[in-house]
Each structure stands twice: as C-alpha cells, then as structure tokens.
Amino acid sequence: VAPYERPALSKAYLFPEGAARLPGFHVCVGSGGERLLPEWYKEKGIELILSTEIVKADLPANTLVSAAGETFKYQILIIATGSTVIKLTDFGVQGADAKNIFYLREIDDADKLVEAIKAKKNGKAVIVGGGYIGLELGAALKINNLDVSMVYPEPWCMPRLFTSGIAAFYEGYYANKGIKIIKGTVAVGFTSDSNGEVKEVQLKDGRVLEADIVVVGVGGRPLTALFKGQVEVEMGGIKTDAFFKTSVPTVYAVGDVATFPLKLYNELRRVEHVDHARKSAEQAVKAIKGLEKGQSVDEYDYLPYFYSRSFDLAWQFYGDNVGDTVLFGDNNPQSPKPKFGSYWIKDGKVVGAFLEGGSAEENQAIAKVAKLQPKAENL
C-alpha cells in the first residue's frame, strides 16, 4: 500500500467501532497535512513502486537491486527504511513461534490482530512489554472486552520517558480498568494447543498466564543492514549532518535510521518518532532543493516531542527528560478529570515538560517552555 501513518495501527485501527481504515490515514494526515492517496503520486509525477524489496545497495555505483533482480540507478538516494520490531524468536524464546503471538509494525500485522480479536471474543490477552506498544495495545485490547495482563521487567511502565510519579498514575488508571500489571519479570516461554495456537505464557518468576492472544512490544531496531560498511554509522544509526546528508554526498538518511546533530542540546541523537520522521524528511528535501538552486537552508533545529493516547487519556512531552523532576497537578488515577505534568530541571534550567490532559494551548505552552529553557533556581 502507499505510505501511511503508522501510529493509527496501535490506536484507532483496533477500535471495536468506528475503526480507522485506509485510505483514511495515508500520510501526512496525522499532522494536519494533505492526505496523499495513490493518485496524488501520479499527479505529482512521482513513481510509486509497491511490493518491491531492495536487497542490495551499491552506494559507490549509485545502484540498488530488488529481490526480483531489477536494477535502479539514482543521482540522489534518501534512506527512509525506519525500524523493524525486535522479536522473541530472535532470542530463541521457547514456543515464541506459536500462532496468535503478534507484533505490530505493518498494516498486515494489524489486520491479523483484528482477526484474532474477533475470533477470541472475551478471551485472555497478554501484553509483553510496558512501553509505547504495551500501553496503547493494553488499552485497545481492553476496549475490545478482552481480559488483559501486561508483563514487563522494569520497575514501572515506559521507563525511557516516565518518572515513577508519572508511571504510578498510568498503572493505577489501567488497574482501575481491570488490566492486570505484572512487573519485574519477563516471558521465558510459551506453550501452544494442538492447533499450534498460543495457550500459556511462562514467566521467569515461575508464574503461568493463560493466553488466547499475545502481543509483544519489546522495542525496535533501525533498518540499516543494506548500507553496512558503506556509510558512517553512530549510535546504531546512519550518521548525518544538520541537512540529513550522510558521509556519502549523494545519500541522505531520515527518520528512525538517522543519527543527527540535535542543535538544542549540542549533541548527536537518534529519534524514533513520527514527528521527527516527517520533519527530517522535509528538511532533507529542502536541503536537496536548496543545493540545486544554490540557496542556503537553515540547520535542523528539532525540539524532541512524544505523545500517546489511550482510553480517555492523552499526554504530550517536549524537550529532554534529564536532571531533577517536579511533578505537579492532579495525578490521582481515580479523579474524574485527571490533569498533571512534570518538569525536568538540569543545570538550573527547565529542559523538559510533560502534560497529561492538556488543551491544545497548554500543550503549545509546555513546548515553548522546553524550547526556551527558562531558569529554575530552586526545585
């Protein structure tokens, strides 16, 4: 299918009613942009080649080769391969190849999950992982009336971003919705029935959970193998400049795979998020066009941004989650309209801001704070 907005797959695509379906979420409708249907590419003179996998890239020869043996020559290449999911089978987890163990990355994965939700009405679901996918899928499966358990090894959910104070709210909220949360252990094996469908999840702490559906969300890794040894890499990604040009002048890299200079913090970063995927692509195209016309383009000046929606909740985060934290507002999971946030303070400045339940204006305000980094002398 033509490019689409992946975030829909873990949210509205799985709703029991009023579910999102293509062509509703082709790019870049999620950020208020134009919806690019397949016809749009034709109108703009862009050749959209689907169902074609590139299996070899020869950067010195400006050549790509597809699985079918076709050769593509280019003058400029933009690498936008994104990430792939980490699978439990990669670690040789026993029984991890059973049926009804799902990962969510592509629309095909989401379609299979939707079918399983219909087939296993009121069944038991186990979510392995407590990050983005874990939290969003836990909510989606609960809305579909499944009996949901979440399992993750960390002391609280979404540890890469959440503080214990933020996480306590979401864990409490999910528990109130009837979701069982099991922390500090991992799935070490799966048993299946005579049809090869998953039946039980074995945990490291010895517990066994019944399961009709398992969804695994334990992270992703950038897809860079095609270009191994041909471009400079750093922090697991392809190293670029502030215009997303790689160490090979005719090659650019954008989105999850790019390790780029983050101007605001004066350091190299790799960011896995749809917002940066869109904005880095825009920057690369501006830079390519600018070079053609001999015009200068401003360096990429990105403010890190993450968000999530689940149940009636919606949070946004801007900036950097380093230093000391200050929690504010009402983070009682029992509250009818909870609204709370956190600031991160480093070297006497506010460097990051998080808000649950904010209005559009309030979310813009925390973004401004994270960008301007006002002084905060005292916690």
Condition set surrounded by fewer than 15 Cβ atoms within 10 Å (Cβ to Cβ) and out of contact with any Ser or Thr (no Cβ under 8 Å at 6 or more places or on another chain), scope region 92-111, selection nearest to Val201 (Cα to Cα): answer is Gln94
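For region 327-355, enumerate the residues that are in a strand (DSSP E or B), touching a residue at least 12 places away in the same chain (Cβ under 8 Å) and open to solvent by 40 Å² or more (accessible area, probe 1.4 Å). Explain how you work it out, then say what you get.
Narrowing region 327-355 to residues in a strand (DSSP E or B): 327-330, 339-346, 349-355.
Imposing the further condition that a residue be touching a residue at least 12 places away in the same chain (Cβ under 8 Å) reduces the set to 327-329, 339-346, 349-355.
Within region 327-355, Leu327, Phe328, Gly329, Lys339, Tyr343, Lys346, Lys349 meet the criteria.
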Quick count over region 59-91, residues being open to solvent by 60 Å² or more (accessible area, probe 1.4 Å), more than 20 Å from Leu209 (Cα to Cα) and not aromatic (Phe, Trp, Tyr), is 11
Checked pairs for region 285-299, first part of a helix (DSSP H, G or I) and modelled with pLDDT of 95 or more, second loosely packed, with under 11 Cβ neighbours inside 10 Å and polar (S, T, N, Q), C-beta under 9 Å and 6 or more apart or across chains, list as Lys289/Gln295; Gly290/Ser296
Within region 140-186, of all residues that are assigned to a strand (DSSP E or B) and in contact with a helix residue (DSSP H, G or I) (Cβ under 7 Å, 6 or more places away or on another chain), the one farthest from Phe306 (Cα to Cα) is Val148
task: Evaluate the following for Gly358: is it touching a helix residue (DSSP H, G or I) at 6+ places or on another chain (Cβ under 8 Å), in a strand (DSSP E or B) and either open to solvent by 70 Å² or more (accessible area, probe 1.4 Å) or small (Gly, Ala, Ser) (or both)?
output: no
Residues in region 1-29 that are of a type outside the set (Val, Ile, Thr), within 17 Å of Gly82 (Cβ to Cβ) and open to solvent by 60 Å² or more (accessible area, probe 1.4 Å) total 1
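Give Val128, Val188 a once-over and let me know the one that is within 21 Å of the chain's Cα centre (by Cα), under 23 Å from Gln202 (Cβ atoms) and not assigned by the TED database to the domain that holds Tyr318.
On the way: Val188 fails: within 21 Å of the chain's Cα centre (by Cα).
Checking each option against the conditions leaves just Val128.
Has region 19-27 got at least one residue that is at pLDDT below 95 and out of contact with any helix residue (DSSP H, G or I) (no Cβ under 7 Å at 6 or more places or on another chain)?
Just the residues of region 19-27 that are at pLDDT below 95, to begin with: none.
Within region 19-27 (the criterion being at pLDDT below 95 and out of contact with any helix residue (DSSP H, G or I) (no Cβ under 7 Å at 6 or more places or on another chain)), the answer is no, since none of the residues qualifies.
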Contact list, first residue from region 97-120 and not assigned by the TED database to the domain that holds Glu5, second anywhere and open to solvent by 30 Å² or more (accessible area, probe 1.4 Å) and aromatic (Phe, Trp, Tyr), beta-carbon distance below 7 Å, six or more apart or interchain, is Ile107/Tyr4
Among strands (runs of 3 or more DSSP E) entirely within region 24-110, at least 1 residues that are of a type outside the set (A, V, I, L, M, F, W, C) occur in 54-58, 63-66, 71-73, 83-85
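The values are calculated or read from the model by the stated rules, or taken from the named source; none is laboratory data. Note that this is a predicted model, so its numbers are computed, not measured. Every residue, glycine as well, gets a Cβ built from its backbone with ideal geometry; the counts of neighbours run over all protein chains shown. Ligands, DNA and RNA are stripped out before the accessible areas are found, and what is left, the full protein with its side chains, is counted by its heavy atoms. Shrake-Rupley method; radii C 1.70, N 1.55, O 1.52, S 1.80 Å.
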